[in-house]
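The values are calculated or read from the model by the stated rules, or taken from the named source; none is laboratory data. None of these values were measured; they are calculated from a predicted model. Methodologically, a virtual Cβ is constructed for each residue, glycine included, from the backbone with ideal geometry; neighbour enumeration extends over all protein chains shown. What goes into the accessible areas is simple: the full protein's heavy atoms, side chains included, and nothing from ligands, DNA or RNA. Shrake-Rupley method; radii C 1.70, N 1.55, O 1.52, S 1.80 Å.
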Amino acid sequence: MTLEEAKQKLQDIKQEQLLQFYETLDENQKSNLLSQIDETDFSVLKHLSTVGKGTEKGEFSPLKAMQLDEIERRKDEFYTAGVQAIKEGRTAALLLAGGMGTRLGSDNPKGMYNIGITKEVYIFQRIIENLLDVVKETDTWIRLFIMTSEKNHDATVSFLKEKDYFGYREDRIVFFKQDMAPACDYNGKVYLEEPGRIATSPNGNAGWYSSMVRAGLDQILTKEGIEWIDVFAVDNVLQRICDPCFVGATVLSNVSVGAKVVKKAAPDEKVGVICLEDGRPSIVEYYELSQDMMDAKDDQGEPAYNYGVILNYLFHVPELAEVTDDKMAYHVVEKKIPYVDEKGQKVKPSEPNGYKFEQLVLDMIHQLDSCLPYEVVREKEFAPVKNPTGIDSVESARSLCQKNHIEL
Ligand code: UTP
């Protein structure tokens with residue numbers, strides 16, 4: 001793209017500030033900035049009009065979860081089916097590690113965070129060790145995809161290599177980068193993160209499937225006959241991945257996706273609740289849950305909207321082709337965005353200073369026809385590390401690890 005073309009593109013969308021330092025850049029920086037202006041999809045900015053309005057929702061109704069007593073009763077059946085799906089190579093795992101982890105406040109990828117007390121125990125290590133349990137149990141090296149972003153790819157790959165992938169087989173791991181979206185200030189002006197570089201951030205964890213396809217990895221799925229992908233977050237250090245009972249229950253239920261859920265700790269707990277929306281599976285955010293929904297009871301007298309998702313889903317691959325990005329909502333999220341000020345100085349804000357644009361994996365669920373909410377025991381499988389202290393923190397995750405006899 002020429003300078004003139006870039007000026008025209010930016011003028012049309014009122015983002016001319018992105019060229020304010022152009023004349024001070026060297027030739028290489030100039031050409032990189034022009035390519036970035038060319039490649040950036042600024043159309044996400046139109047979603048700024050949704051800020052503060054919420055998205056339109058359909059009619060909610062309850063979706064029954066498969067509860068612990070049924071899972072216990074049918075565990076042999078589920079286990080056998082799950083082990084078979086794993087041994088036949090029909091199941092893969094996909095780690096969502098493209099997030100910025102800004103709340104944790106570390107500059108490194110979240111998985112590099114050491115939660116150990118007397119020894120080093122990295123988040124990546126906890127996750128891989130959990131997956132290795134299933135590898136050993138089924139005597140099968142499960143294909144592991146790791147999604148990173150432009151911001152943390154090199155650090156993630158070199159860290160895992162240096163740690164010898166915590167015992168995982170290198171040739172069973174495939175890394176790929178997710179796509180990025182521009183980040184802007186409260187007036188919708190896109191920031192520069194360097195004088196010659198537009199501020200961008202990963203476009204949300206729903207980007208995993210389209211980014212995977214763009215990287216040509218759907219060919220691996222076809223070639224290896226992978227039918228199910230267990231997609232999970234980097235920050236839950238108790239995460240069980242591809243555990244045979246979950247895989248088996250989902251496969252035998254003939255659904256488009258299985259979703260691990262935990263019983264809510266309180267009716268107003270801040271978790272996304274699994275339900276139906278206009279008859280299709282959906283996740284209603286805690287702030288969208290009406291008082292009527294909180295009070296509703298099922299035929300057993302239990303709260304009807306009682307199961308929260310923990311970002312661990314087993315997707316049926318053949319149905320993923322129907323999930324398209326343009327049908328999914330964009331979430332405009334307030335975040336801290338590093339930028340360069342008028343003088344060209346880099347600023348790392350301590351408070352949110354603008355918006356990022358994200359599509360979330362939970363919105364993929366609504367595009368699928370059917371979902372099995374599968375109950376797991378919170379204390380055994382859910383220890384997210386989002387913050388340094390307090391709720392969902394390094395502290396709370398450590399204490400849950402210790403309760404599960406994991407040495408730290
Ligand atoms: P979070 O919603 O906790 O976001 O991600 P985050 O970016 O990691 O953290 P904060 O909000 O800045 O503190 C949940 C999961 O989705 C992944 C994260 O890596 C984590 O596993 N994720 C999130 C992506 O892979 N890509 C994204 O664009 C966003």
**Q.** Values of log10 I(q)/I(0), in the order q = 0.14 Å⁻¹, for the chain under a Debye, Cα-only, solvent-free model
**A.** -1.35
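What part of the accessible area of segment 135-214, given as a whole %, is carbon or sulfur when the probe is 1.4 angstrom?
Answer for segment 135-214 is 44 percent, counting heavy atoms of protein chains only.
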(Q) Can you tell me the orientation of helix 3-12 relative to the chain, as the angle in degrees between its alpha-carbon axis and the longest Cα principal axis, to the nearest 10? (A) 60 degrees
(Q) Between segment 270-320 and segment 351-367, how far is it from one alpha carbon centroid to the other, in angstrom? (A) 18 Å
Q. If segment 254-408 were replaced by its equivalent ellipsoid, with semi-axes equal to the square roots of 5 times the Cα gyration tensor eigenvalues, what would those be, largest first, whole Å?
A. 30, 24, 17
Q. What does the charge add up to near Ser35, with Lys and Arg as +1, Asp and Glu as -1, over the other residues with Cβ less than 14 Å from its Cβ?
A. -3
Q: Mind jotting down the three principal axis lengths of segment 130-210 based on Cα atoms? Whole angstrom, largest first.
A: 54, 26, 18
Q. Going by alpha carbons, how many degrees (0 to 90, nearest 10) lie between the helix axis of 394-403 and the longest principal axis of the chain?
A. 20 degrees
Q: Between Thr222 and Arg73, with labels modelled 7 Å along Cα→Cβ, what's the label distance in nm to one decimal, could you check?
A: 4.3 nm
Q: At most 10 other Cβ atoms within 10 Å and a DSSP loop assignment: could you name the trypsin sites (Lys or Arg not before Pro) in segment 96-137 that fit?
A: Lys119
(Q) Taking the 0 to 90 degree range and rounding to the nearest ten, how far is the long axis of helix 75-87 tilted relative to the main principal axis of the chain, both from C-alpha atoms? (A) 50 degrees
Q. To the nearest 0.05, what FRET efficiency results for Ala321 and Lys343 with a Förster distance of 35 Å applied to their C-beta separation?
A. 0.10
Q | FRET E, pair Lys297, Glu170, Förster distance 51 Å, beta-carbon r, rounded to 0.05 | A | 0.50
Q. In segment 351-366, which residues have a backbone nitrogen under 17 Å from the label point lying 7 Å from Lys14's Cα in the Cα-to-Cβ direction?
A. 355
(Q) For segment 37-101 and segment 230-268, what is the centre-to-centre distance using only Cα atoms, to the nearest Å? (A) 9 Å
Q: Only helical DSSP H runs with n ≥ 4 go in: add -39500 (n - 2.57) per run for the chain, normalise by residue count and round the 222 nm mean residue ellipticity to 500 deg cm²/dmol.
A: -8000 deg cm²/dmol
Q: Add +1 for every Lys or Arg and -1 for every Asp or Glu among the other residues with Cβ under 9 Å from the Cβ of Glu59, and state the total.
A: -1
Q) Using the eigenvalues of the Cα gyration tensor, what equivalent ellipsoid semi-axes result for segment 291-381 when each is taken as the square root of five times the eigenvalue, whole Å, largest first? A) 37, 20, 14
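Would you mind telling me the share, in percent, of accessible area of segment 279-396 contributed by carbon and sulfur at probe 1.4 angstrom?
Its accessible area is 49 percent carbon and sulfur atoms.
With a cut-off of at most 16 other beta carbons within 10 Å, and DSSP calling the residue loop, which GluC sites (Glu not before Pro) in segment 127-205 qualify? Please list them.
Glu150
Counting only other residues whose beta carbon sits under 14 Å from that of Glu334, what net charge do I get with K and R as +1, D and E as -1? Show your work: numbers first, answer last.
Details: positive: Arg103, Lys335, Lys336, Lys356; negative: Asp185, Glu351, Glu358.
Its environment carries a net charge of +1.
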**Q.** ³J(HN,Hα) computed for each position of segment 185-196 - Karplus, 6.51 cos²θ - 1.76 cosθ + 1.60, integer Hz, glycine/proline x
**A.** 7, 5, 9, x, 8, 5, 7, 9, 9, 9, x, x
Q: Roll a 1.4 Å probe over the protein chains and send me the accessible area per residue for the chain in Å².
A: 47 Å²
Q: Please find the FRET efficiency linking Lys163 to Asp26, where r is the Cβ-Cβ separation and R0 is fixed at 35 Å, and quote it to the nearest 0.05.
A: 0.40
Q: Give a quick list of GluC sites (Glu not before Pro) in segment 340-386 that DSSP marks as loop, anything other than H, G, I, E or B, with at most 15 other Cβ atoms within 10 Å.
A: Glu342
